[in-house]
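**Student:** Quick one: the structure is below, and I'll ask about it shortly.
The values are calculated or read from the model by the stated rules, or taken from the named source; none is laboratory data. Values in this document were obtained by computation on a predicted structure and should not be read as measured data. Methodologically, a virtual Cβ is constructed for each residue, glycine included, from the backbone with ideal geometry; neighbour enumeration extends over all protein chains shown.
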């Protein structure tokens with residue numbers, strides 16, 4: 001069952017809205033990771049903190065790669081092919097670099113988070129590593145999400161044809177094993 005944060009979520013018929021909804025989940029689960037880390041400083045976790053940490057790690061392990069694929073394999077190529085508003089599309093390479101950097105930091109956070117769950121606590125150096133990775137992710141996502149939500153997705157809504165957006169939505173559904181009407 002998808003996690004709903006805030007308002008009613010979009011569906012695959014509105015892929016741009018769905019991508020933006022995913023940003024809200026990214027912000028939520030990143031905030032969870034940061035709060036748990038700051039509160040416990042890598043020490044023993046309460047049952048609620050443990051559950052929150054596990055849920056956030058699972059979200060980033062399973063859902064974040066699909067979101068990246070939604071953009072890099074479905075949306076970005078269509079934007080590039082549109083040939084419109086090229087100056088606005090120059091940021092796509094930077095956004096793709098952000099995806100690579102975020103994946104690296106998520107891998108570190110996941111490794112350390114799993115270790116934390118298994119051993120019950122992190123060592124001092126590990127606490128510093130996870131904090132630094134979470135700080136980098138926070139900075140990256142703040143900038144990255146603003147660009148996509150405020151510039152890129154509105155641009156896509158203007159330059160892509162309804163059929164292209166429907167294809168993006170179908171591809172997003174397929175990545176999740178969801179069948180949608182043709």
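**Student:** Among (1) closer than 30 Å to residue 164 by Cβ; (2) under 14 Å from the mean Cα position of the chain (by Cα); (3) crowded, with 17+ Cβ neighbours inside 10 Å; (4) at pLDDT 95 or above, there is one condition residue 33 misses while meeting the rest; what is its number?
**Tutor:** Unmet for residue 33, out of (1) closer than 30 Å to residue 164 by Cβ; (2) under 14 Å from the mean Cα position of the chain (by Cα); (3) crowded, with 17+ Cβ neighbours inside 10 Å; (4) at pLDDT 95 or above: (1).
**Student:** While we're looking at this one, here's another question. I need a count of the residues in the stretch 46-64 that are assigned to a helix (DSSP H, G or I) and farther than 21 Å from residue 104 by Cβ.
**Tutor:** So the answer is 8.
**Student:** Let me ask something else about it. Here are the criteria: (1) within 26 Å of residue 170 (Cβ to Cβ); (2) over 12 Å from the mean Cα position of the chain (by Cα); (3) modelled with pLDDT of 95 or more. Tell me which single one residue 69 does not satisfy.
**Tutor:** (2)
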